[in-house]
Amino acid sequence: MQRILIVDDDVSLRRVLEYNLQEAGYEVLTAGSGEEGVRLFEERGPALVITDLKMPGMGGFQLLQQIKEKSPETLVIVITAFGAVETAVEAMKLGAYDFITKPFNRDALRLTVLKALDMQGLSRENRRLKEELSEREAYRNIVGISRRMEEVFRIIGRVADTEATVLITGESGTGKELVARAVHGQSGRRSAPFVAINCAAIPRDLLESELFGHVKGAFTGAVKDKVGKFRQADGGTLFLDEVGELPVELQSKLLRALQEKEVQPVGGTAPQKLDVRVVAATNADLEEAIEEGRFREDLFYRLSVIPVHLPPLRERTEDIPLLVRHFVAKHGGAAVAFAPATLEVMAAYGWPGNVRELENTVERMLIMRNGDTITPEDLPEKVRHGRSAPRECPVVNLPDEGYSLEQLEREIVVEALERNNWNQSSAARFLRIPRHTLIYRMEKYTITPPEKRR
């Protein structure tokens, strides 16, 4: 049942409108003033507003402007007196969908409302289809056949259609936002917005307003109400990139938003209920940040209900040929081939910038190439002379008769801890894994720090 708000100071006309629309099957809210109309609009979020233009206090023009500022997608039909078409045209220039003149008949009213809601539905469906296509394309952009990436795909498939918060960790350039988009695109929220914000790219004094919005007059420069990222993502997914850079003073407000499912704009007095799923990402060690007092422990556990770790490219070199083909096609080099020796050299390079660096390198070579076959000589010098991949320089020499993988893993964990004086954060960085993964391995293999041994 679609919800319609009627705003008119004429009690009789308001009742007639209410009766006719209820009879047509709509849920109807009524307000006798513009001020009451704004309040009901903010509380109940109707799909359509019908308002008289001439009312005491806040008139229909002002109400129209406020509604369009708060929710540009909401349709507004204005009521005007017969012969005052110029006034109605002026309202349509300000964003009104259509107008009806007094007196009006029941069928004309219902037809105008039906056309408005049908158009709104078609617009939303069109947007949904475009977003769905976009999210499917984003999912296809996550390329990999390695065991590490298969595990990432498995986790996405398992958690996408849940409401659990997801924390994506990994070095810069590994594709954390692509994973976040894939989680959204495979979820039941795929038809609703996916809104991303980089917490490290916005000045600290503006970040609260960007996240939670603000009301007019909340601070110098707040000349009108602002809808924050949380409200923009209502019904959909909010992606908090570089969440480890969130100032400590905002972390408690984020935690409350996650727990209570509501936000309070800067300068506002009433919290706003929201339905938002949060996916966060970071390239920082949040557990180390907790130890140093830079990140709240309770927020960390609230964000990392489902942890997803993206491996660096140097740990999944078997994916490089597939990624190269993907980027060649993406950047219009369908007729270009990479010589096997070229791919071997690329697999031996460490790729500190990960997949992002690989894509930039492929695009550069497509532009600067001398022919349709890319040879090792076409590679940038730093790639040609990069360090050898681990597979060319073995870390361990296994005996011919074989060795237990679990015992080998236990020995590696113990050695990493000993090399780092049993500092778990340092050992985790040494092994290039999250700290909680190291702790899990210590518990699995009953590895006890020296100070806890008897």
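The values are calculated or read from the model by the stated rules, or taken from the named source; none is laboratory data. Every value quoted in this text rests on a predicted model; they were computed, and no experiment measured them. Quick reminder, even Gly has a Cβ in these numbers, built from the backbone with ideal geometry, and neighbours come from all protein chains shown. To get the accessible areas, we keep the full protein, side chains included, count just its heavy atoms, and leave off ligands, DNA and RNA. Shrake-Rupley method; radii C 1.70, N 1.55, O 1.52, S 1.80 Å.
Select, from 322, 313, 274, the only residue that is touching a Phe, Trp or Tyr at 6+ places or on another chain (Cβ under 8 Å), under 30 Å from residue 343 (Cα atoms) and of a type in the set (A, V, I, L, M, F, W, C).
Values: 322 fails: touching a Phe, Trp or Tyr at 6+ places or on another chain (Cβ under 8 Å); 274 fails: under 30 Å from residue 343 (Cα atoms).
Every option except 313 fails the conditions.
Is one or more of the residues making up the range 10-28 of a type in the set (Val, Ile, Thr) and over 36 Å from the mean Cα position of the chain (by Cα)?
Of the range 10-28, the ones of a type in the set (Val, Ile, Thr) are 11, 16, 28.
Filter once more, so that each one left must be over 36 Å from the mean Cα position of the chain (by Cα): 11, 16.
Checked the range 10-28: at least one residue is of a type in the set (Val, Ile, Thr) and over 36 Å from the mean Cα position of the chain (by Cα).
Only one of 451, 411 is in a helix (DSSP H, G or I), modelled with pLDDT under 85 and open to solvent by 60 Å² or more (accessible area, probe 1.4 Å); which? It would help to see each step written out before you state the result.
Values: 411 fails: modelled with pLDDT under 85.
Selected residue: 451, the only one of 451, 411 that is in a helix (DSSP H, G or I), modelled with pLDDT under 85 and open to solvent by 60 Å² or more (accessible area, probe 1.4 Å).
Among what's in the range 341-380 and is over 18 Å from residue 173 (Cβ atoms) and in contact with a His (Cβ under 9 Å, 6 or more places away or on another chain), pick the residue that is least open to solvent (accessible area, probe 1.4 Å).
Filtering the range 341-380 for residues that are over 18 Å from residue 173 (Cβ atoms) and in contact with a His (Cβ under 9 Å, 6 or more places away or on another chain), the one least open to solvent (accessible area, probe 1.4 Å) comes out as 366.
Do you know which residues across the range 415-440 are out of contact with any strand residue (DSSP E or B) (no Cβ under 9 Å at 6 or more places or on another chain) and open to solvent by 60 Å² or more (accessible area, probe 1.4 Å)?
415, 418, 419, 421, 423, 429, 430, 432, 440
What pairs can you find where one residue is in the range 173-191 and surrounded by fewer than 20 Cβ atoms within 10 Å (Cβ to Cβ), the other is in a loop (DSSP other than H, G, I, E, B), and their Cβ atoms are less than 8 Å apart, with a gap of 6+ or different chains?
From the range 173-191, the pairs are 178/141; 178/142; 186/160; 186/161; 188/161.
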